[in-house]
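Remarks on the structure that follows.
The values are calculated or read from the model by the stated rules, or taken from the named source; none is laboratory data. The structure presented is a predicted model; accordingly, all values stated were derived computationally and were not measured. Cβ coordinates were reconstructed from backbone atoms using ideal geometry, including for glycine residues, and neighbour counts include every protein chain displayed. Just so you know, the surface numbers come from the protein's heavy atoms only, side chains and all, with ligands and any DNA or RNA stripped out. Shrake-Rupley method; radii C 1.70, N 1.55, O 1.52, S 1.80 Å.
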Amino acid sequence: MDDEGASTSSASDSETQHHESAAAEHGLESVKRKLCRLVASSLSVTVPGLDVEPMLEVSKPGFGDYQCNNALSLFSSLRGTGTNFQNPRSIGQTILNNLPSSDIVESTSVAGPGYVNIVISSDWIAKMIQDMLIYGIKTWAPTMPVNRVIVDFSSPNIAKEMHVGHIRSTIIGDALARMLEFANVEVLRRNHVGDWGTQFGMLIEFLFEQFPNWKEVGNQAIEDLQSFYKASKIKFDDESSGFKAKAKQAVVRLQQGEDRYRAAWEKICQISHNEFDSVYKRLGVELEEKGESFYNPYIPPVLEELTNKGLITKSEGAQVISIAGQKSPLIVVKRDGGFNYASTDLAALWYRLNVERAEWIVYVTDVGQKQHFHKFFSAASMAGWLPDQNEKEYPKTTHVGFGLVLGLDGKRFRTRCSEVVRLVDLLDEAKSRCKEELIGRLTENGKIADWTVDELDTTSEAIGLGAVKYADLKNNRLTDYTFSFDKMLSDKGNTAVYLQYAHARICSIIRKANKDIEELKTKASITFVHADERALGLHVIRFQEVVEQACADLLPHYLCDYLYSLSEAFSKFYASCQVVGSPEEASRLLLCHATAVVMRQCFNLLGITPVYKL
Ligand code: ARG
């Protein structure tokens with residue numbers, strides 16, 4: 001089925017109805033991986049006995065496609081050891097001579113001080129693309145060294161506002177989960193919501209006061225939990241009301257499991273859950289809630305284990321674990337005897353390792369929590385739960401940190417009235433701006449009559465939400481980023497809007513040709529005539545190694561950079577090569593289609609709904 005006709009679609013892509021068995025059968029390696037193996041085999045002959053990792057990167061324009069850089073560093077380590085090599089260049093030449101012959105490689109040469117330049121066979125690139133079109137993009141999925149991963153993300157706190165940090169965690173965490181799922185890893189998407197803690201005493205007591213018939217009132221009555229939280233906090237802080245003492249009592253009674261308190265807590269959690277859920281639905285994010293409270297029963301036995309292992313000591317009335325190199329220890333039982341964030345995280349990790357049997361546990365929070373994670377991971381290693389912090393050993397834990405969201409004034413992002421930013425409002429504004437822009441444009445070029453109201457709406461939603469997500473994902477997550485509607489909604493530069501246009505344009509070229517792409521896949525073949533055409537083809541197949549690296553480093557911005565350069569490569573191709581009506585039409589349509597398929601896969605991994613018509 002040719003899906004180019006749909007206006008917006010997330011499910012109709014024939015390429016995403018992956019041919020699982022074909023993928024397994026083909027199990028294709030990326031070009032880079034293949035080349036690395038050739039280089040490794042050459043190195044083992046060139047410098048026998050030395051275990052050298054291949055150093056391979058994409059070449060600068062004009063220097064082949066990939067470049068092997070081993071010669072230079074090898075020469076400096078061999079110098080003075082009686083080696084026969086006179087200079088790095090002679091090592092480069094030997095690496096080249098020892099490369100096993102392969103149908104991937106078209107030609108090789110040594111350049112400069114000893115770089116080995118490799119040119120990939122054009123026929124092979126074409127074949128890779130054609131195979132992908134026939135067997136599905138899933139055949140380009142990376143292989144990961146793990147089977148089951150937990151991604152702990154979003155994780156807002158109940159009744160408190162879902163602040164910008166949680167928004168970033170939701171967007172980044174979802175992208176990571178999608179990437180790993182694409183790599184055939186089983187991902188447990190965990191929402192570690194803060195549903196336990198001292199604030200509940202206050203909330204419960206306030207609920208009793210404000211709604212004496214709280215059991216009967218519908219959830220709508222207290223729908224806006226944020227205001228509810230704020231009002232109760234004002235009362236809590238007012239020393240004269242005697243409310244604080246009552247709230248503290250309520251915490252104790254909740255923790256002791258008193259029915260009325262438990263029921264009130266459940267009600268508050270449920271309301272909050274519904275609120276979060278509507279946001280997740282709109283964002284297309286799936287999450288399974290296992291809040292902090294879930295791990296309560298596991299805390300005492302876990303602490304007992306750590307005590308028996310001699311890790312826990314008393315300090316100023318609290319129970320702590322000292323961590324080498326850290327000034328302050330990890331507190332696991334507070335002075336008042338209560339458990340905290342760290343004890344919950346330890347119990348949750350125990351559960352994730354022993355019950356859920358996850359091999360890799362990934363935590364997505366702002367970088368501000370770096371220390372907490374460092375300490376608690378160290379404690380887990382000391383307990384023997386994790387192998388020593390060795391990158392390659394599993395089970396493994398990773399803190400995926402991210403920077404702040406800044407406003408245009410360079411300070412923490414807030415809205416005008418200096419309240420926290422509500423995610424829903426952001427999404428609404430992005431969408432309405434997109435709609436206005438779209439309607440303006442369509443009216444101007446006389447196409448507005450071709451669009452239904454519904455189409456306008458779904459397209460604006462897809463573009464607006466996609467823009468918000470992309471603006472967040474395109475930066476290295478560790479850096480702070482500045483939130484600007486004007487920038488993210490611009491149709492120029494590295495923005496989702498620009499990319500959506502680029503994708504829709506490809507779809508429109510294919511529609512215009514009016515050919516059956518499914519038939520072309522098997523009846524026609526791809527050949528590269530023009531250099532820009534080949535360059536696009538090579539870029540298309542590089543998707544595999546990019547997504548592999550993005551998964552390994554948990555960095556979605558690699559995909560964004562790739563997506564942007566792919567659309568640039570497409571523009572260049574389209575400027576120099578006629579598609580519709582040219583003698584090469586069939587081959588070029590297939591290349592256009594492959595570009596669109598890869599772009600959609602990238603959008604999909606980033607949680608963005610592609611649009612097919614703009
Ligand atoms: N609820 C926490 C917060 O808002 C984030 C939880 C992250 N996950 C974890 N396992 N600690 O800061």
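Taking only alpha carbon atoms, the stretch 419-487 gives an Rg to Rh ratio of 1.06, where Rh is the Kirkwood radius. Going by accessible surface with a 1.4 Å probe and the largest first, ARG477, ARG178 read ARG178, ARG477. DSSP bridge analysis restricted to the chain gives an antiparallel fraction near 50%, rounded to the nearest 5.
Restricting attention to the stretch 86-244, the count of lysine pairs at 8 or more positions apart or across chains with alpha carbons under 17 Å apart stands at 7. For the stretch 200-342, the Stokes-Einstein estimate of translational diffusion at 10 °C and a viscosity of 1.306 mPa s comes to 89 µm²/s, using the Kirkwood hydrodynamic radius over alpha-carbon pairs. For LYS327, the lysines whose Cα comes closer than 23 Å to its Cα, not counting residues fewer than 8 places off in the same chain, are LYS309, LYS314, LYS370, LYS375. Candidates LEU427, LEU442, SER484 compared by Cα position along the dipole of the stretch 421-492: farthest toward the positive end lies SER484, with charges placed on Cβ. The mean accessible area for residues of the chain, using a 1.4 Å probe and ignoring ligands and nucleic acids, is 45 Å² per residue.
Between 0 and 90 degrees, the angle of helix 88-98 with respect to the longest Cα principal axis of the chain falls at about 80 degrees. For LEU50, the accessible area of its heavy atoms, probed at 1.4 Å with every protein chain present, is near 80 square angstrom. Counting only protein heavy atoms and a probe of 1.4 Å, the accessible surface of the stretch 424-515 is 51% carbon and sulfur. Kirkwood analysis of the stretch 162-284, using all unique Cα-Cα pairs, places the hydrodynamic radius at 16.3 Å.
The charge dipole of the chain, taken about its Cα centre with unit charges on the Cβ of Lys, Arg, Asp and Glu (plus for the first two, minus for the last two), comes to roughly 1400 debye. In percent, rounded to a whole number, the relative contact order of the stretch 193-329 is 28, using alpha-carbon pairs under 8 Å and six or more apart. When each of the peptides 306-316, 480-490, 347-357 is scored by the mean number of other C-beta atoms lying within 10 Å of its residues, the order from highest to lowest reads 347-357, 480-490, 306-316.
Eigen-decomposition of the gyration tensor built on the alpha-carbon atoms of the stretch 81-167 gives equivalent ellipsoid semi-axes of 46, 25, 13 angstrom, largest listed first.
Compared with the dominant principal axis of the Cα atoms in the chain, helix 31-46 is inclined by about 70°. According to the Cα-based calculation, Rg over Rh for the stretch 463-536 is 1.14, with Rh computed by the Kirkwood formula. Using a 1.4 angstrom probe on heavy atoms only, work out the carbon and sulfur share of the accessible area of the stretch 53-174 in %. Carbon and sulfur together cover 49 percent of it.
Over the chain, the hull volume per residue, using the convex hull of the C-alpha atoms, is 201 Å³. For GluC sites (Glu not before Pro), the sites in the stretch 417-495 that DSSP calls loop and that have at most 14 other Cβ atoms within 10 Å are GLU419.
Here the gap between SER241 and ASP553, fully extended at 0.36 nm per residue and compared with their Cα-Cα distance, gives a gain of 107.1 nm. Near GLN549: Cβ cut-off under 13 Å, other residues only, Lys/Arg at +1 and Asp/Glu at -1. The net charge is -2. Estimated at the nearest 10 Å², the accessible area of ASP516 is 80 Å² with a 1.4 Å probe. Distance distribution note for the stretch 234-308: the fraction of Cα pairs above 13 angstrom is 78%.
All Cα-Cα separations within the stretch 292-367 were binned at 5 Å from zero, giving a P(r) of 3, 14, 23, 25, 20, 11, 3, 0, each value a whole percent of the pairs.
Cross-link partners for LYS469 among the aspartates and glutamates, with Cα-Cα distance under 14 Å and sequence neighbours closer than 8 places in the same chain left out: ASP174, ASP428, GLU429, GLU461. Structural descriptor for the chain: relative contact order 17 percent, calculated from alpha carbon pairs under 8 angstrom and at least 6 residues apart. Where only DSSP H runs of four or more residues are counted, the chain gives -16500 deg cm²/dmol as its mean residue ellipticity at 222 nm, each run worth -39500 (n - 2.57). Taking the C-alpha atoms only, the angle from helix 496-513 to the longest principal axis of the chain is near 50 degrees.
Within a Cβ distance under 13 Å of GLY368, other residues only, what is the Lys/Arg minus Asp/Glu net charge? Taking every other residue near GLY368 into account, the sum is +1. The mean sequence separation of alpha-carbon pairs under 8 Å and at least six residues apart, normalised by the residue count of the stretch 419-552, gives a relative contact order of 18 percent. For LYS248 and GLU585, a Förster radius of 51 Å and the Cβ-Cβ distance give a FRET efficiency of 0.10, rounded to the nearest 0.05.
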